[in-house]
Each structure stands twice: as structure tokens, then as C-alpha cells.
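One structure is given here, and the rest of the page talks about it.
The values are calculated or read from the model by the stated rules, or taken from the named source; none is laboratory data. All figures in this text were calculated on a predicted structure; none of them were measured in a lab. Please note: Cβ atoms are built from the backbone with ideal geometry, for glycine as well, and neighbour counts cover all protein chains shown.
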Amino acid sequence: MKKDSGITLVTLAVTILIIIILAGVTINATLGDNGLLKQAQDAKNLAESTTSETEDKMEEVLQEYKNVMAEDESINNPNTNTEPEDPVDPPESETPTVEDSKNNGIEFKEDTEIEDVNGNKIIVPEGFKIASDSGNTVQQGIVIEDVSAYR
């Protein structure tokens, strides 16, 4: 009794047939009508169209904002607002200090040079004032704010 080892021709043919079927299914899943590559391309196209639509809508909103800004006189011309109650003018004879300007809420009617407590010179532009929460020296941080923003 001799036993043959190895595979038969039928077993080999069945194995090859199974491999061919699996390869066909894999190729169809990847390249078929609704395969992975087509789904990836569809997702890319959808993302691009959504981005384009979003940009168009953002452009419309921006244009509408510009139209509103152009129509609103109080935004375009801040001088149409009423003057604040009794603005304090800086003293004429001496250079005002940061501390005096801050505490008295002095609104500068022209570009003005002022000094901090250390004698450092600061230029405050016309229409600005020293903020009430500002420091008293350049090192502490002197905050200059636009007066028209609070009218």
C-alpha cells in the first residue's frame, strides 16, 4: 500500500477557479459602476461644488454688507453723530500729562504732545483721548482710543 502525496489536478483547478472568482469580485468592487474609485471621485466632486457654492454665498453676503455700509450715513460719516456732553479741552499753556488727560477725559482737538510721569513724550492724534484704563507710563502701556467710537 503506497500513499501518493501531493495534490490532484482537480484540486489545483478548483483552487485556481476560486482565486479567479475572488480576483473578479475585488476588481469589480474597486473599478465597477459603483466601485470605490467612482465613490471617491463623486465625494471629491461634491466637496468641490459645496466649496464653490459656499464661496458664492459668502460673496453675496459680503456684497450685501458693503451695500448696507454704503447706505448708512452714520457709518460712513462719523461726524454726523452728536457731540458728547461737555468734552474737556486740554490746557492751552502747559503740556498736559497722561494722568491728567486720563482722569479728566480730555478729548484732543488737534494732534497734541503729552508727557507721562517719567517725562516721555507721547503724540495723541486729533479726535482721540487717553483711555481710563491706560497706564501712566509708556512702560505700563498708554492706551489711546478714538472718541468717535463712543458717540
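Just a few scattered comments:
- Being in contact with a strand residue (DSSP E or B) (Cβ under 9 Å, 6 or more places away or on another chain), modelled with pLDDT under 85, surrounded by 10 or more Cβ atoms within 10 Å (Cβ to Cβ) and not basic (K, R) holds for only one residue in P91, P125, and it is P91.
Table: residues versus (1) farther than 30 Å from N104 by Cβ; (2) modelled with pLDDT of 90 or more; (3) surrounded by 10 or more Cβ atoms within 10 Å (Cβ to Cβ); (4) in contact with an Asp or Glu (Cβ under 7 Å, 6 or more places away or on another chain).
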{"site": "G6", "(1), (2), (3), (4)": "yes, no, no, no"}
{"site": "T15", "(1), (2), (3), (4)": "yes, yes, yes, no"}
{"site": "G32", "(1), (2), (3), (4)": "yes, no, yes, no"}
{"site": "A47", "(1), (2), (3), (4)": "yes, yes, yes, no"}
{"site": "S74", "(1), (2), (3), (4)": "no, no, yes, no"}
{"site": "P84", "(1), (2), (3), (4)": "no, no, yes, no"}
{"site": "P87", "(1), (2), (3), (4)": "no, no, yes, yes"}
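- Residue list for segment 115-135, filter: assigned to a loop (DSSP other than H, G, I, E, B) and within 33 Å of the chain's Cα centre (by Cα): P125, E126, G127, A131, S132, D133, S134, G135
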